[in-house]
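Trainee: A single structure is presented below for examination.
The values are calculated or read from the model by the stated rules, or taken from the named source; none is laboratory data. These figures come from a predicted structure and were not determined experimentally. We place every Cβ from the backbone using ideal geometry, glycine too, and count neighbours over all the protein chains shown.
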There are 2 protein chains.
Amino acid sequence: MLMKFLWPGKTRSAELRAVQESYRRRISRQIPCRIIETAEAKGLDERSAGKIMEIEAKGLEKHMKDDYIICLFDKGVEMDSAEFSRFLGKRLDAGRAVTFVVGGFLGLAERILERASFRLSLSKMTFSHELSRVILLEQVYRSISILKGRHYAK
Amino acid sequence: MLMKFLWPGKTRSAELRAVQESYRRRISRQIPCRIIETAEAKGLDERSAGKIMEIEAKGLEKHMKDDYIICLFDKGVEMDSAEFSRFLGKRLDAGRAVTFVVGGFLGLAERILERASFRLSLSKMTFSHELSRVILLEQVYRSISILKGRHYAK
């Protein structure tokens, strides 16, 4: 059982990074879990969007292997927390590593989305990509706590 | 134009409190904005849920006045960010203070929900009440930036 979280580059907001780390710690007490900050395009501005996405896609692909890939995608499937928990439980039981992928500020390249086993949306609302990372981690932590039948405060 | 955010007690997670504060600062550069930590029930455990909710409701009511009240509620209305932004813009233009109310770990008392002008859900997923505060602030910040036509990173 292994869970990975991939995203290009480090979360820049120090405050959000601290929250991210606190959820990662809590998850990894229950399940082996790694956050991998993949290659990031540096020194390019938004006019080079295609190039940035390409560099980021390559970086992400290096760590996707034959894992079960769940991409965050705003047009993906929405689930409530109970559904998400059952879904995640089944995927973990299946034995393959479960790898979540969150894009940078431009989102994910089409070919990464195509390779996803599942595309998940956290909300109808759009959150910043850095906040999305935090929300995803909290929701995964909540799911694992539901699966383990532990009390987890609303 | 005034926006208020009410919730019982201080956000306990230091990490989430730091994120909360960073969004509050950013919002208040654009619109007068206050976070008010209302009275909290202390020294009671979950068996006294009714009593806790009552104490918290009284604390919240003190600051609700005749504001336009938006309560976070998991069975409330979901909107995407563009809809939410238009909705918030209209409410702010109407001139009454717009007051968001987020419950504690037990949620909000029925009579607070009944007094709400609008009940908003952030997602089908359930987030911790402390994370919900942060998500709400981010989304309000995003909305104001959309309204002011500023660039705000995805």
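Trainee: Could you tell me which numbered condition B:THR38 fails, if it satisfies all but one of (1) more than 14 Å from chain A (Cβ to nearest Cβ); (2) touching a Leu at 6+ places or on another chain (Cβ under 6 Å); (3) closer than 18 Å to B:SER143 by Cβ; (4) at pLDDT 95 or above?
Mentor: Status for B:THR38: all satisfied but (3).
Trainee: Of all residues in region A:25-60, which are under 11 Å from A:ALA109 (Cα atoms) and under 16 Å from the mean Cα position of the chain (by Cα)?
Mentor: As a first pass, look at region A:25-60 and keep what is under 11 Å from A:ALA109 (Cα atoms): A:49-58, A:60.
Answer for region A:25-60, where residues must be under 11 Å from A:ALA109 (Cα atoms) and under 16 Å from the mean Cα position of the chain (by Cα): A:GLU56, A:ALA57, A:LEU60.
Trainee: Taking region B:78-98 as the region of interest, how many residues are of a type outside the set (Phe, Trp, Tyr) and either under 13 Å from the mean Cα position of the chain (by Cα) or more than 9 Å from chain A (Cβ to nearest Cβ) (or both)?
Mentor: Quick first cut of region B:78-98, residues of a type outside the set (Phe, Trp, Tyr) only: B:78-83, B:85-86, B:88-98.
In the following step, the residues that additionally are either under 13 Å from the mean Cα position of the chain (by Cα) or more than 9 Å from chain A (Cβ to nearest Cβ) (or both) were identified as B:85-86, B:88-98.
Within region B:78-98, residues that are of a type outside the set (Phe, Trp, Tyr) and either under 13 Å from the mean Cα position of the chain (by Cα) or more than 9 Å from chain A (Cβ to nearest Cβ) (or both) number 13.
Trainee: Output the residue which, of all residues in region A:18-35 that are basic (Lys, Arg) and loosely packed, with under 13 Cβ neighbours inside 10 Å, is nearest to the other protein chains (Cβ to nearest Cβ). Don't jump to the end; show me each part of the working.
Mentor: Of the residues in region A:18-35, the ones basic (Lys, Arg) are A:24-26, A:29, A:34.
Still in the running and loosely packed, with under 13 Cβ neighbours inside 10 Å: A:25, A:29.
Working: A:ARG25: 11, A:ARG29: 17 Å.
Within region A:18-35, the match that is nearest to the other protein chains (Cβ to nearest Cβ) is A:ARG25.
Trainee: Just give me the residues in region A:125-142 being within 9 Å of chain B (Cβ to nearest Cβ) and either surrounded by fewer than 19 Cβ atoms within 10 Å (Cβ to Cβ) or among the β-branched types (Val, Ile, Thr) (or both), in sequence order.
Mentor: A:THR126, A:SER128, A:VAL134, A:ILE135
Trainee: If you don't mind, another one. From the residues in region B:99-122 that are modelled with pLDDT of 95 or more and over 14 Å from the mean Cα position of the chain (by Cα), which one is nearest to B:GLU56 (Cα to Cα)?
Mentor: For region B:99-122, the residue satisfying everything is B:ALA109.
Trainee: Tell me, please, whether a residue that is of a type in the set (Lys, Arg) and closer than 21 Å to B:ILE27 by Cα can be found in region B:128-147.
Mentor: So in region B:128-147, the residues of a type in the set (Lys, Arg) come out as B:133, B:142.
Subset that is closer than 21 Å to B:ILE27 by Cα: B:133, B:142.
Yes, some residue in region B:128-147 is of a type in the set (Lys, Arg) and closer than 21 Å to B:ILE27 by Cα.
Trainee: Being within 14 Å of chain B (Cβ to nearest Cβ), surrounded by 20 or more Cβ atoms within 10 Å (Cβ to Cβ) and farther than 25 Å from A:PHE118 by Cβ: is that true of A:GLU15 here?
Mentor: Values: within 14 Å of chain B (Cβ to nearest Cβ): yes; surrounded by 20 or more Cβ atoms within 10 Å (Cβ to Cβ): yes; farther than 25 Å from A:PHE118 by Cβ: yes.
Yes: the conditions hold for A:GLU15.
Trainee: Within region B:54-77, is there a residue that is without any contact (Cβ under 8 Å) to a residue 24 or more places away in the chain and within 14 Å of another protein chain (Cβ to nearest Cβ)?
Mentor: The answer is no, given that none of the residues of region B:54-77 is without any contact (Cβ under 8 Å) to a residue 24 or more places away in the chain and within 14 Å of another protein chain (Cβ to nearest Cβ).
Trainee: Where residues in region B:30-52 are assigned to a helix (DSSP H, G or I) and touching a helix residue (DSSP H, G or I) at 6+ places or on another chain (Cβ under 9 Å), which of them is nearest to B:MET3 (Cα to Cα)? Steps first, answer last, please.
Mentor: Let us first name the residues in region B:30-52 that are assigned to a helix (DSSP H, G or I), namely B:46-52.
Right, trim to touching a helix residue (DSSP H, G or I) at 6+ places or on another chain (Cβ under 9 Å) and you get B:46, B:52.
Working: B:GLU46: 31, B:ILE52: 26 Å.
Ranking the candidates gives B:ILE52 first.
Trainee: Please work out which residue is nearest to the other protein chains (Cβ to nearest Cβ), limiting yourself to region B:99-117 and to residues that are surrounded by fewer than 17 Cβ atoms within 10 Å (Cβ to Cβ) and more than 29 Å from B:LYS148 (Cα to Cα).
Mentor: Within region B:99-117, the subset surrounded by fewer than 17 Cβ atoms within 10 Å (Cβ to Cβ) is B:105, B:110-111, B:114-115, B:117.
Filter once more, so that each one left must be more than 29 Å from B:LYS148 (Cα to Cα): B:105, B:110-111, B:114-115.
Working: B:PHE105: 5, B:GLU110: 16, B:ARG111: 19, B:GLU114: 20, B:ARG115: 21 Å.
If we take residues in region B:99-117 being surrounded by fewer than 17 Cβ atoms within 10 Å (Cβ to Cβ) and more than 29 Å from B:LYS148 (Cα to Cα), then B:PHE105 is nearest to the other protein chains (Cβ to nearest Cβ).
Trainee: Residue check, A:GLY89 against (1) surrounded by 14 or more Cβ atoms within 10 Å (Cβ to Cβ); (2) of a type in the set (Gly, Ala, Ser); (3) out of contact with any helix residue (DSSP H, G or I) (no Cβ under 6 Å at 6 or more places or on another chain), all met but one. Which one?
Mentor: Of (1) surrounded by 14 or more Cβ atoms within 10 Å (Cβ to Cβ); (2) of a type in the set (Gly, Ala, Ser); (3) out of contact with any helix residue (DSSP H, G or I) (no Cβ under 6 Å at 6 or more places or on another chain), only one is false for A:GLY89: (3).
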